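Input: a single structure, listed below in structure tokens.
The values are calculated or read from the model by the stated rules, or taken from the named source; none is laboratory data. What you see is a predicted model; the values in this text were computed from it and never measured. Here the Cβ is made from the backbone with ideal geometry for all residues, glycine too, and neighbour counts use every protein chain on show.
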Amino acid sequence: MRRMPNPRLTGLGCGLFCGTSMLALACLDRLLFGASLTLYGALFLLVSALSAVWVRGGDLTSAPVVVPIAFAAGLPPVASGEDGLGGHLMALVTTLAMQAGWLYGGTLVAGLIVTVRKLRLMARRAAEREWERERERERERRRGLERDRSQEQRQREGQGQGQGQPPYDRRPVPPRAPRTTAQPGRTVPRSS
């Protein structure tokens, strides 16, 4: 079974993906379905979910921030307004206000997916740290066992060489007291 590709987007890449996707989907919606705002909202939910899934672990917080911007970036082709710049701006603001449910829904979807991914990432890192600590404890235990074995081996070898004498003690020997100089003795004449 083939695995699906698992792209990882940076924060900037996530913003570009959302913005260009929503603009392209809005143009297709206007061309094929006559600027259906319901279809645009449903497609926005899909793009929001994909953005939250594809953003890399270090940039998870960027997904819920860029999806509302992408929603607004894709609105001009589907917002129908009167001629002139003022008419288009008024239609854009009205459409944005009327379709706020889709906007909040997509942001909520992205936020939930990002939160679940962040929790899983934190749990995985905690498990890796615990596993590393366990491996370090096991290494220390093995080192201690090897040290004990080598000490026992040295003691056995020392006992075999010294015919029952205890093995050499490696403690430092304290310095000896200085010798006193010889006192001249009294000479007693010999009697003959």
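Structure data summary
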| read-out | value |
| --- | --- |
| Options T38, T95, T10: the member that is exposed (fewer than 15 other Cβ atoms within 10 Å of the Cβ) and either in contact (Cβ under 8 Å) with a residue 40 or more places away in the chain or touching an Asp or Glu at 6+ places or on another chain (Cβ under 7 Å) (or both) | T10 |
| Unique residue being modelled with pLDDT under 85 and either touching a helix residue (DSSP H, G or I) at 6+ places or on another chain (Cβ under 9 Å) or surrounded by 10 or more Cβ atoms within 10 Å (Cβ to Cβ) (or both) when the list is R190, R186, R124, R154 | R154 |
| Test set (1) without any contact (Cβ under 8 Å) to a residue 40 or more places away in the chain; (2) closer than 30 Å to D59 by Cα - E138 fails condition number | (2) |
| Conditions (1) among the β-branched types (V, I, T); (2) closer than 13 Å to A49 by Cβ; (3) out of contact with any strand residue (DSSP E or B) (no Cβ under 8 Å at 6 or more places or on another chain); (4) in contact (Cβ under 8 Å) with a residue 12 or more places away in the chain; number of the one not met by V114 | (3) |
| Boolean, A91 is among the hydrophobic types (A, V, I, L, M, F, W, C) and part of a loop (DSSP other than H, G, I, E, B) | no |
| Among (1) under 26 Å from L121 (Cβ atoms); (2) assigned to a helix (DSSP H, G or I); (3) modelled with pLDDT under 90 - the single one A49 does not satisfy | (3) |
| Criterion: within 30 Å of R125 (Cβ to Cβ) and in a loop (DSSP other than H, G, I, E, B) - qualifying residue of P7, P64 | P7 |
| Residue count for region 67-88, restricted to those that are within 22 Å of F33 (Cα to Cα) and in a helix (DSSP H, G or I) | 10 |
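Rundown of residues vs (1) farther than 17 Å from R8 by Cα; (2) touching a Leu at 6+ places or on another chain (Cβ under 7 Å), yes/no style:
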| residue | (1), (2) |
| --- | --- |
| C27 | yes, no |
| R30 | yes, no |
| V55 | no, yes |
| F71 | yes, yes |
| A91 | yes, no |
| M98 | yes, no |
| G101 | yes, no |
